[in-house]
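Structure first, then comments.
The values are calculated or read from the model by the stated rules, or taken from the named source; none is laboratory data. On a predicted model such as this, the values are computed, not experimentally measured, just so you know. Every residue, glycine among them, receives a Cβ derived from its backbone with ideal geometry; neighbour counts consider all protein chains shown.
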């Protein structure tokens, strides 16, 4: 069995409300084991004997669409991949007054497009770094939605290709 995390994009914000008990039930009905939700922002840990991440993603998205009636976007990572994302965070995760984020991208072209924002950033407000399938982002607290990266990643064209998690959340998923 492999331990995975499913990161759901856009639930419990913008009108798509799903109770974590209902979310866990769907994952259990998919015959995943040791299902555990973490926080109310769409983070699900589960075990599966499948090693086909693309197939897991498709099964989960289809089940969520059927059960909750919305277009689901799910990012599935095994725990070693998640651990690598956390361990490779290039900035000080304890930077006082700043948020530490990982923007997980499912398409290399999307990651490249986001990385191209680096020349537009005010380093006194935010900075980015590119990792394996992830854009690391550090932004001053209170400026997340006002920042260049925050505004850019909020565009509808990124819904199916990115999800953002605070580094603290990712660490909770590893415990």
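Quick rundown of the values:
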quantity: Residue within segment 87-102 that is outside any helix (DSSP H, G or I), touching a helix residue (DSSP H, G or I) at 6+ places or on another chain (Cβ under 7 Å) and within 22 Å of residue 61 (Cα to Cα) present; calculated: yes
quantity: Which listed residue is assigned by TED's automatic domain parsing to the domain that holds residue 52 and modelled with pLDDT of 95 or more, from 64, 117; calculated: 64
quantity: Conditions (1) farther than 23 Å from residue 161 by Cα; (2) in contact with a strand residue (DSSP E or B) (Cβ under 6 Å, 6 or more places away or on another chain); (3) assigned by TED's automatic domain parsing to the domain that holds residue 145: number failed by residue 94; calculated: (2)
quantity: Residue satisfying condition, being over 24 Å from residue 39 (Cα atoms) and outside any helix (DSSP H, G or I), within set 110, 76, 130; calculated: 130
quantity: Those residues of segment 87-119 which are over 23 Å from residue 152 (Cα atoms) and within 17 Å of the chain's Cα centre (by Cα), in sequence order; calculated: 87, 88
quantity: Sole exception among (1) surrounded by fewer than 16 Cβ atoms within 10 Å (Cβ to Cβ); (2) more than 24 Å from residue 138 (Cα to Cα); (3) touching a strand residue (DSSP E or B) at 6+ places or on another chain (Cβ under 7 Å) for residue 25, by number; calculated: (3)
quantity: Flag for residue 67 being in contact with a helix residue (DSSP H, G or I) (Cβ under 7 Å, 6 or more places away or on another chain), in a helix (DSSP H, G or I) and surrounded by fewer than 18 Cβ atoms within 10 Å (Cβ to Cβ); calculated: yes
quantity: Matching residues in segment 148-161 - criterion: being at pLDDT 95 or above and crowded, with 20+ Cβ neighbours inside 10 Å; calculated: 149
